[in-house]
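Student: Okay, here's the structure, questions in a sec.
The values are calculated or read from the model by the stated rules, or taken from the named source; none is laboratory data. Values in this document were obtained by computation on a predicted structure and should not be read as measured data. Reconstructed Cβ throughout: ideal geometry from the backbone, glycine too, with neighbour counts over all protein chains shown. Quick note on the areas: whole protein, heavy atoms, side chains included, nothing else; ligands and nucleic acids left out. Shrake-Rupley method; radii C 1.70, N 1.55, O 1.52, S 1.80 Å.
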Amino acid sequence: MPKAYKPIDHEDRIRARWDSAKAFHADPTRVTSGEARPYSIVIPPPNVTAALHLGHALNNTLQDVLVRAHRMMGYETLWMPGTDHAGIATQAVVEKRLRKEGKLKGSLRQNYSRDQFVADTQAFKDEYEAVITDQLKRMGCSCDWDRQRFTMDDVCARAVREAFFRLFRDGLIYRGKRLVNWDPALQTAVADDECEDEEIDSFFYYLRYPLVHEDRQKSADASRQQAEDAQPVTWNELAARGYPGADQHPAEEEAWVTVATTRPETYLGDTAVAVNPHDPRAKALRGLFVELPLVGRVIPILEDSYVVLPKAMARSEEEANDPKAEFATGFLKVTPAHDPNDYEIGRRHSVDGAMQEWSQARGRAVMVNMFAPDGTVSDRHGWSDVGDAKMLVGLKRQDARKKVVEEFKARGLLEATRPYRHSVKISDRSKAIIEPYLSDQWYVKVTDPRLAESANRALAGRHQGTEASRHQGKADGDGALQFHPARYAKTYEQWHDGIRDWCISRQLWWGHRIPVWHRRIDLATAQADNFFTEQCDEALEGNHHGCYGIAVDVATGAIIPPGDLYPLDSSIGMHRLPRAGLIDVFICDIVETDWSPAGFVLDPDVLDTWFSSALWPMSTMGWPDPEQAAKDTGIRDMKDMLAAFNPTTTLCTAREIITLWVSRMVMFNRYLMGAGQGKGPVPFRNVFIHAVIQDGEGRKMSKSLGNGVDPLDIIATHGADAMRFTLCQMATNTQDVRLPVVKDSATGKNTSPKFDLGRNFCNKLWNAARFAVGILTAAPAAASRGGSAAPVSAKSLSLIDRWMLSRLQAATAEINSAVEHFEFSLYAQSIYTLLWNDFCDWYLEAIKPTVAEDANQRAVLRSVLDAILRILHPVAPFVTEAAYETVGTLPAAPVAGLRLDAPRKSGLLATAGWPVIDASLRDEAAEREFSQLQGLITAIREVRAQHQVAPKRKIVLHVPAHVAEHWRHHAVTLATLAGLETQTTDAPSGSNVVFTFEAREYAVSNLADAAAVDSGAERARLEKIIADSEKLIAVLEGRLANPGYAQKAPPHMVQQTKDQLAKAIAERSAAAESLKKLGS
RNA sequence: GGGCGGGUAGCUCAGCGGCUAGAGCAUUCGCCUUACACGCGAAGGGUCCGGGGUUCGAAUCCCCGCCUGCCCA
């Protein structure tokens, strides 16, 4: 074995051995046959948008630790790998790339073919999927690579279509016109989590809207000419109506109200002005209208308590302290199609009251959409009464804003402009400002109890009310889900309590096409238009395989049952003529029928990426048709995967994913699997949420900050194991962990000094193994390979060997518990202490003089080293496997109580048995005795260091006569580790140093050739001992002097304190005695 | 606004009712002691954020405050 462990010399070779042995291939039949218990994890599929970063490295390292440990523990272990198509992210990246390459100019939709774009993106995906897979392999991830999936491959696509179909059929997917977050650059709806809030410096604009009377009679039949119909209201009249402050204005002039807005351009879409009912001006305004300048639209004034009262009118301190009160005028322009709050106001008031009356009387829309999908002002998407505002049409939002402000100013209607800092929503992908936009979208009705409520019922600990409910629950998958750390269950639960329906359509090209065909038809002409084909009838009646249709009344939005649509007249055996009216017919088709000959159009949109991700624990295992999946992939045992591995054991992910992904997987798995209807099994029993890695300043690692660390750079410089060990060591149960980032001056790449820890540790292991191999090669542990020698019994072993086995037993127990409880940092800490401090610093040093002669000791050395390699393997798979290539060939002599099962595949450590160590090997007496020995050795070393005794010099230890017999048993160890020539009970003659150990006086002599002993240093040393003892004595005496202590503290505590005090006093007097001698 | 973390040695973190509060890195001193200088031996270094309370006893539990980070609206 070479002197230093160089990862680069081993990692590729080791990986190739694992691959060729199919060491990580999971066999579902071993589970279904009952031969082995399952352990399974599905990888959170990385986006194919970019290479993996350090967060992925952490996430995947932790999964691999779990997976490797359980594989060794004998579970049939599956780690399912794969990647995610990441719709919007990937589309944005590819679009940007095409522009950079000059292949795309202007609008993607108008200047590029959809098929070509999908092909380009597919190529991009192939490229990055390969990069990602390579990265995972380099990290040592023990995934079942033969089963790798992609969220858009055939198997997963079938799952998506089937899930959509079932949800659609069961009424859990619907289409609706709602206000969504619209990205005008990418021209698609985006989810809240695809946006960020950003503070910007902007303005509040104060716009005056002239008050008018509406001329009902004329307007009813001539709404286009409202401008002329409306009659101005004067201040005089307002004063007469009791409007406070109206008399401050010239009596005959036209009156107005002032609205405050940060987005003046949206006034084109205003359909009301709202005032708080508690506003003293409200009453005087009842029945009045305002007229929008330029547009000429006359809109009602309505009362809604959502409106913030101006500070001066605040009725409570709370209202006065509302930062908006500072800027409010008390009048709110209501733009339902372009603001979420206004949308709600619009909805509230279009049910009854002023707005309903207004909209019905005039046939006006409450929602006026004045933007095109690209964010320019448009009169073609729901805005018709343009009037004199024609000049604004076609302008971008910013330009429109300028123009509107200018026009108001020119008319004396701009009252003021005040600087205001507020936050706006920015699209993550395009950085465009999000526009609330009214559009037709598909929704999953997650608010249905069969989904959201089912997800919460899955939580463990929720159903502890009654024995019956708990019992009943388990069978359903209720109560089967557990979070680690447990506090995250709250996040999950609260999310479902406040959940809103999930918008699943995206106006993108990259993704799963929504499998719905649409046709709008007038029932009056339906028969003539050949609408009622047999196929169509069957779809609407739900009789056509793989097709399910619904008809929606365009006017009311209500679903029309097929029976109502064209009732069958049984007397003549034919359909009667259908009723009249416009209907929308939607046919969900997952057998890929071409409905275009029947006049249908396939929905152009794709599904939100999370829709396919939500099916991941099912789709990767062949749902809904495992037999077909087996045929498609050529993997025969694919048909058994669901039965063997779903529910999976654990999902390993980050915090923000709880709402995005965890929730949806639970809902879908429970709805679509097993008993279904929300009563099916959970997709995983445990959710482990790990920390987020930040840089040294507590900032997120990001490309724009340039503070990211590339896992491949660390693997290149430190090795995969070093990276993994360090990441594990950092993985505590807190929310985030910091990793100081520095730029390597040689390479210019980001790295962190923390990774040295892992590298040093791997090298330490390598050298310990190398040393042991040297010893065991010279003199094997057992006479012959595979010899039937009886196991070495701990009873026949030396103290040092019993101590080592005891330490190994304790550490293994600690690690077993750490694995079970997701305590990765503790795992790393335990193995570090075991290997470095116990095994290397003490055990290997202590056995040097004896191991060549002691076959039993060699048996222990061989076994302990083997066990260490095994328990370290999940964290550092490469270096342990590499060491095992040699260690595994050494003849072994078994140690009683320590079971080390042979590897299952090709002699690979990765498939070897996890050490099973009998509790009887725990030897507390040996630990106590050895720790005392360590104490004396340390005390001697301290004196040596203090007196600058040459490291190679052998010194003489003078021990008190009554403990001489005791230390004689440890003479060899003492001599080796403390550098003794001999130990004696004789008093030192000549130059020497006296020291105390366990309150007894010892001495060392022969420290130097010259007789000089530095009495100053010795004095300082003793004085420090005295000072420390005194500090301790004061503390302990104080504790005992406290009357409550003796009475209330447990007796063993009191006794312990007394013992400590006695010891401290003895320590102090011994040191004082020595000091006195030194002084004389 | 609601929820959840963190504040302990110069740095990164353990400890979460009772060890004179620990580890790694960094620092200082001495060593190329034939496994390892990616190493060995030794040392120095802390009003455990502040203030109250509970308790015989608080870094640890409770309350208030300050700072800091994240998630969801």
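Student: Could you work out the equivalent-ellipsoid semi-axes for the stretch A:928-1079, taking the square root of 5 times each eigenvalue of the Cα gyration tensor, largest first, in whole Å?
Tutor: Semi-axes, largest first: 32, 19, 12 Å.
Student: Taking Rh as the Kirkwood radius computed over C-alpha pairs, what is the Stokes-Einstein D of the stretch A:918-999 at 20 °C in a medium of viscosity 1.002 mPa s, expressed in µm² per second?
Tutor: 155
Student: Let me ask something else about it. My understanding is that a pair violates if its Cα-Cα distance is over 20 Å; which of A:LYS848/A:LYS952; A:LYS952/A:LYS1077; A:LYS703/A:LYS743; A:LYS96/A:LYS703 do that in this structure?
Tutor: Going by Cα-Cα distance, A:LYS952/A:LYS1077 fall outside the 20 Å limit.
Student: So, one more: In percent, how large is the relative contact order of the stretch A:931-1045, given Cα pairs closer than 8 Å and 6 or more residues apart?
Tutor: 28
Student: Using just the Cα positions, wrap the stretch A:386-444 in a convex hull and report its mean projected area in square nanometres, one decimal place.
Tutor: 7.0
Student: Moving on to the next point. Where Rh is the Kirkwood radius over the Cα pairs of chain A, the temperature 25 °C and the viscosity 0.890 mPa s, what D in µm²/s does Stokes-Einstein return?
Tutor: 69
Student: Still on this structure: Would you mind checking the stretch A:858-886 for residues with the amide N under 16 Å from a putative spin-label position 7 Å along Cα→C-beta of A:ALA16?
Tutor: A:882
Student: Roughly what would the spin-label model give for A:ALA524 and A:LYS795, points 7 Å off Cα along C-beta, in nm?
Tutor: For A:ALA524 paired with A:LYS795, the spin-label model returns 10.4 nm.
Student: Take every Cα pair under 8 Å in chain A that's 6+ residues apart, average their separations, divide by the length, and report that relative contact order as a whole percent.
Tutor: Contact order relative to length: 12 percent.
Student: Using only the C-alpha atoms of the stretch A:753-922, find the volume of their convex hull and express it per residue in Å³.
Tutor: With only Cα atoms used, the stretch A:753-922 gives 107 Å³ per residue.
Student: How large is the accessible surface of A:TYR205 in square angstrom, using a 1.4 angstrom probe and rounding to the nearest 10?
Tutor: The accessible area comes out at roughly 30 Å².
Student: Right, here's the next one. Over the stretch A:753-922, calculate the relative contact order: mean separation of alpha carbon pairs under 8 Å at least 6 apart, over the residue count, as a percent.
Tutor: 33
Student: Here's a follow-up. Give me the Å³ per residue figure for the convex hull around the C-alpha atoms of the stretch A:14-159.
Tutor: Hull volume over Cα atoms, normalised by residue count, gives 127 Å³.
Student: Any chance you could tell me what percent of the C-alpha pair distances in the stretch A:645-685 go past 17 Å?
Tutor: Of all Cα-Cα pairs in the stretch A:645-685, 28 percent lie more than 17 Å apart.
Student: What percentage of all Cα-Cα pairs in the stretch A:200-423 are separated by more than 21 Å?
Tutor: 54
Student: Given a 1.4 Å probe, how much area per residue of chain A is accessible, in Å²?
Tutor: The answer is 43 Å² per residue.
Student: How large is the Kirkwood hydrodynamic radius of the stretch A:1-90, in angstrom, based on all distinct alpha carbon pairs?
Tutor: Result for the stretch A:1-90, one decimal place: 15.5 Å.
Student: Quickly work out the A:LYS703-to-A:GLU656 label distance, labels modelled 7 Å from Cα along the C-beta direction, and quote it in nm with one decimal.
Tutor: Using points 7 Å along Cα→Cβ, the separation is 1.5 nm.
Student: Let me ask you something else. Kindly state, to the nearest 0.05, the FRET efficiency for A:GLN946 paired with A:GLU853, given R0 = 35 Å and r defined as their beta-carbon distance.
Tutor: 0.50
Student: Same structure again: Can you order the peptides A:430-442, A:489-501 by their average number of other Cβ atoms within 10 Å per residue, highest first?
Tutor: Descending mean neighbour count gives A:430-442, A:489-501.
Student: At 1.306 mPa s and 10 °C, plugging the Kirkwood radius over alpha-carbon pairs of the stretch A:856-924 into Stokes-Einstein gives what diffusion coefficient in µm²/s?
Tutor: 129
Student: Would you mind computing, in nm to one decimal, how far apart the modelled labels at A:ALA36 and A:ARG99 are, each placed 7 Å from Cα along Cα→Cβ?
Tutor: 5.1
Student: Carbon and sulfur: what percent of chain A's accessible surface (1.4 Å probe)?
Tutor: 50
Student: What FRET efficiency would be calculated for the residue pair A:ALA50, A:ALA1066, taking the C-beta separation as r and a Förster radius of 60 Å, to the nearest 0.05?
Tutor: According to the calculation, E is roughly 0.35.
Student: Could you give the length gained on full extension between A:ILE8 and A:SER107, defined as 0.36 nm per residue of separation minus the Cα-Cα distance, in nm?
Tutor: 30.9 nm
Student: With unit charges on the beta carbon (Lys/Arg positive, Asp/Glu negative), name the residue among A:ALA975, A:ILE937, A:ALA1027 whose Cα is farthest towards the positive pole of the charge dipole of the stretch A:928-1079.
Tutor: Farthest towards the positive pole: A:ALA1027.
Student: Next question. Multiply the residue gap between A:GLN122 and A:GLU1030 by 0.36 nm, knock off their C-alpha separation, and tell me the result in nm, one decimal place.
Tutor: Here the segment from A:GLN122 to A:GLU1030 would lengthen by 319.4 nm.
Student: Next question. Test of understanding: express the Cα radius of gyration of the stretch A:333-389 as a ratio to 2.2 N^0.38 Å, with N the residue count.
Tutor: After normalising by residue count via 2.2 N^0.38 Å, the value is 1.17.
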